[in-house]
Amino acid sequence: MATLFVMQGRDKGKRFDLRGEGITLGRDGSNRIQLNDSEISRRHAEVRRTSEGIVLADLASSNGTFVNLEKIGERLLKNGDRVQIGRTLLLFTDADDRSSVNLAHDVDIVGLGSASLAGGESGNVEGSRILKSVSHESGSQLFAPPDPAESPWLARARSNLQVMYRTALAVSHTLDIDQLLTRILDLIFEWVETDRGCIMLVDSETEELAPAASRNRKGARVDGKMSISRTILDYVMQHKEGVLTSDARDDERWNPEGSIVKLGVREAICVPMQGRYGIVGVIYIDTYTPPGQVIQQRAANKFSEEHLKLMVAIGHQAALAVEDTSYYSAMVQAERLAAMGQTIATLSHHIKNILQGIRGGSYLIEEGLKEEDNDVVRRGWRIVDKNQERISNLVMDMLTFSKDREPELAEADLNQTLADVVELMQARAGEAEVQLALARRDDLPQFRFDADLLHKAVLNVVTNAIDACEKRAGGRVEVSVEYQPGEQFVHIVVSDNGEGIAAEDLQRIFSVFESKKGSRGTGLGLPVSQKIMREHGGDIRVESTPGAGSRFYLELPTNVSSGGAPVNQTE
């Protein structure tokens, strides 16, 4: 399926499906893809599906349509293309591009039965031996400080390689923009004698540069607030190239009365942060002398052309990371919106069913009061009371699932907790004509657990078991305990002879809102029980055979600390 995903702009995080015909993009509501961008024409561009693939065509828009920064009239889109219209940046992806490719025909993973690592041959596969292995730490020694005895050229090359290697590591190890930019400035200050440094990013709304990170060298004579020359910033953004000023007063590009000299800048390097498809910001460093002392001092130059080249490379690495992080944040936002939409839709469905039940019960109560028929009133009240309990359980399950909670551990009687659950569910089991029994274990010691939370976890599983047996003659649910002294876990077992769970559904039963009960289920019961058991340091396992029933094992640690983590037992 082909899609356009909004990476920048007011619609950031939205994904548009490109299936079908007559797909147009624009700010007018008549477009299939409507974008909230004042710089986009009413009907800006059109997406057409051809025998070669998906084509994007400009519809004589005012500001043009760009693919990978190139203005287009019509262009066949490829996976990863970035479409810019107005201030909105969209990423094109087409999952069908590789649908017909089967790498299994081209790649063969040789197992032990085919060839040996020690050598030899099997069939047409040539054996191989491992000659040398190198760890990540050993490989990183290539970038160790240079030996003073080696040639200056080699020493500089190794030093530059080390700078780029460390920059690449900083870029790859974080998705937090602030941490990334601060780390890059730290690396620059380690590498070059600069007094001040700043990274500025382009605001996606205003397209103006805004400071994102700055730093001054410790001990440097810098007066007050850092001021950056507009002259240099404008030059870099307009020409899209890095600049080096060795002496601002003598550089013919700069006006002697301009901001560079007035600000006391002796030397400066400013490079664009050029990403895959545009400039996302600039990196600026300079050496500084208070303006009143500029004329008297002429220090040796600290910046060279080599510094400029490396700064350009660092700017490119930083820009790629900023673009990737922007894409990642847009994806996260899209997933949150999708999850929120699914949650609202699911809860609305459950609440609607409950309200229908309450409305039906209220109608019976009203009719019974009119006729003064207490039997009808009682019948209606039972319906209202039942649905009131359903909505109460739904709200409590939502609160339990959405909020991390540390169990309040205390020594308690497991038999008593299970007996309370069985006693509470006997009425419901009777209505469903299901036999509910508890197999007590009188030899159980006291365990440490949160009795209220464990009661809730077991209750949800028992409720599901009763529902699974409701349509079967002779339905039976049994709650028992499996425990051997010295074992790490005590197992609470809830078994039933109900309809069972299909193999393909076993992996999904603990997913939120997954329910096979139709309007009766919320899909929160088992996820809540699993969360409670994991907060205790245990878990839930399930064994099931379709048509024969299921067995749920609630694992509870036999010895836990106050924080809920198991404690190693020593003899």
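With both labels modelled 7 Å from their Cα along Cα-to-Cβ, the R541 to Q238 distance reads 7.2 nm.
Principal axis analysis of the Cα atoms in the range 433-479 yields extents of 38, 23, 10 Å, listed in decreasing size.
Would you mind checking K386/K456; K71/K240; K14/K71; K352/K531; K78/K240 for any pair whose Cα atoms are more than 22 angstrom apart? Long pairs (Cα-Cα over 22 Å): K14/K71; K352/K531; K78/K240.
Normalising the average separation of contacting C-alpha pairs (under 8 angstrom, six or more residues apart) by the number of residues puts the relative contact order of the range 375-509 at 22 percent.
Taking the Cβ of R82 as the centre, find all other residues whose Cβ is under 10 Å away and add up their charges (Lys, Arg: +1; Asp, Glu: -1).
Taking every other residue near R82 into account, the sum is -1.
Full extension of the chain between D385 and A503 gives 38.8 nm of extra length, using 0.36 nm per residue less the Cα-Cα distance.
For the pair I344 and R534, label points projected 7 Å from Cα toward Cβ lie 2.7 nm apart. If R0 is 60 Å, the Cβ-Cβ spacing of Q416 and R276 corresponds to a FRET efficiency of close to 0.40.
Taking Lys and Arg as +1 and Asp and Glu as -1, the other residues whose beta-carbon sits under 15 Å from that of R42 total -2.
Among 177-183, 14-20, the peptide with the highest mean count of other Cβ atoms within 10 Å heads the list, and the full ranking is 177-183, 14-20.
May I ask you to derive the FRET efficiency for L187 and L161 from their Cβ-Cβ distance with R0 = 22 Å, giving the value to the nearest 0.05?
Efficiency for this residue pair is about 0.95.
Values quoted throughout were computed directly from the atomic coordinates according to the rules given, and no laboratory measurement underlies them. Given the structure is predicted, the values throughout are model-derived calculations rather than measurements. Note that each Cβ is placed from the backbone with ideal geometry, even for glycine, and that neighbours are counted across all protein chains shown.
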